[in-house]
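A.B. asks: Following this message is one structure expressed as structure tokens.
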Amino acid sequence: MVSKSLIKKANIDNTLIIIPVYNSELYLNKLLMNLSRLGYLDNVLCVNDGSLDNSLEIIHNYKCQCIDYSRNMGKGYALKQGFIYAKDKNFNFVITLDSDLQHKPESINDFFITQNHENADMVIGYRRFKINTMPISRYLSNKLTSFIVSIICKKTILDSQSGYRLYNLELFNPDEIKSNRYQMETEIILNYVIKKAIISYVEIPIIYNNEISHISHLRDIINFIKIILERV
């Protein structure tokens, strides 16, 4: 476990922003434009996860750092490779956000403020779930998985499925990550809790843009159950 007195303060100079990208051409240009406007583009790494549309061309147009896979490997795999890249480049922190404009780049500074104020190892962007502001299937999925993860962690975990997070890389060990898909984000919470990480939260808005979900519900439910059973 990292000594809390030694945790560095997160800022854009020591933080890599990782964006897993899969067929995101409808949203990616606006996302990267906003990140550029905020002065963050030099610290952006896009992991193109086998996109079949023009996502890779958009990434190249913005000349941001990129890892490109010719076939789809899964969101968890893309994130894991991004984390490894960040450690190799000597970044201290990672911020992850999705490529479909569900996560507003304007919130990034709130993550820095929260980490600095609370000396946090992980800052999760959480949404105040309301049935009338999100698809019912996602509402139920988020509520259920967060409830189960909280039981396993023996502490309340808000919005365990949120992909908008800040991580202290000192606690990240790629050998501990088994999942290549969406469950990686649950798995890493469990790994950080085992290491007695300080977990804090930033409230973020609920945004849905009629994006196409790439979640295979049966497969991902089975994988989620496997990860949970390994910790029981």
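The values are calculated or read from the model by the stated rules, or taken from the named source; none is laboratory data. Quantities reported herein were computed from a predicted structural model and do not represent experimental measurements. Note: ideal-geometry Cβ built from the backbone for every residue, glycine included; neighbour counts use all protein chains shown.
A.B. asks: With within 13 Å of the chain's Cα centre (by Cα), of a type in the set (Phe, Trp, Tyr) and crowded, with 16+ Cβ neighbours inside 10 Å as the only criterion, which of Phe83, Phe91 stands out?
C.D. replies: Result: Phe83 is the single residue among Phe83, Phe91 that is within 13 Å of the chain's Cα centre (by Cα), of a type in the set (Phe, Trp, Tyr) and crowded, with 16+ Cβ neighbours inside 10 Å.
A.B. asks: For a quick check of your reading: which helices (runs of 4 or more DSSP H) sit entirely within the stretch 24-121 and have at least 3 residues that are out of contact with any Ser or Thr (no Cβ under 8 Å at 6 or more places or on another chain), more than 27 Å from Val193 (Cβ to Cβ) and touching a residue at least 40 places away in the same chain (Cβ under 8 Å)?
C.D. replies: 25-37
A.B. asks: Does Leu31 satisfy the criteria of being surrounded by 18 or more Cβ atoms within 10 Å (Cβ to Cβ) and closer than 16 Å to Arg165 by Cβ?
C.D. replies: no
Okay, residues lined up against (1) over 21 Å from Ile84 (Cα atoms); (2) at pLDDT 95 or above; (3) not charged (D, E, K, R):
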residue: Ile157; (1), (2), (3): yes, no, yes
residue: Leu166; (1), (2), (3): no, yes, yes
residue: Phe172; (1), (2), (3): no, yes, yes
residue: Ser179; (1), (2), (3): no, no, yes
residue: Glu187; (1), (2), (3): no, no, no
residue: Leu190; (1), (2), (3): no, no, yes
residue: Ile198; (1), (2), (3): yes, yes, yes
residue: Val202; (1), (2), (3): yes, yes, yes
residue: Asn209; (1), (2), (3): yes, no, yes
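A.B. asks: Please go through the stretch 1-55 and give me each residue that is at pLDDT below 95 and under 21 Å from Glu185 (Cα atoms), ordered by number.
C.D. replies: Within the stretch 1-55, Met1, Val2 qualify.
A.B. asks: Can you name the residue in the stretch 105-142 that is within 19 Å of Val44 (Cα to Cα) and either aromatic (Phe, Trp, Tyr) or modelled with pLDDT under 95 (or both) and is also surrounded by the most Cβ atoms within 10 Å (Cβ to Cβ) among such residues?
C.D. replies: Only one residue tops the list, namely Phe111.
Results for (1) within 21 Å of Ile108 (Cβ to Cβ); (2) small (Gly, Ala, Ser); (3) touching a residue at least 60 places away in the same chain (Cβ under 8 Å), shown as yes or no for each residue.
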{"residue": "Cys153", "(1), (2), (3)": "no, no, no"}
{"residue": "Leu158", "(1), (2), (3)": "yes, no, no"}
{"residue": "Lys178", "(1), (2), (3)": "no, no, no"}
{"residue": "Gln183", "(1), (2), (3)": "no, no, yes"}
{"residue": "Thr186", "(1), (2), (3)": "no, no, no"}
{"residue": "Ser200", "(1), (2), (3)": "yes, yes, yes"}
{"residue": "Ile204", "(1), (2), (3)": "yes, no, yes"}
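A.B. asks: Which of the following residues is more than 22 Å from Lys9 (Cα to Cα) and among the small types (Gly, Ala, Ser): Ser107, Ser55?
C.D. replies: Matching residue, one of Ser107, Ser55: Ser55.
A.B. asks: On to the next question. Going by the structure shown, is Ile59 under 19 Å from Glu185 (Cβ atoms), crowded, with 22+ Cβ neighbours inside 10 Å and not acidic (Asp, Glu)?
C.D. replies: Here the answer is no, as Ile59 does not meet what is asked.
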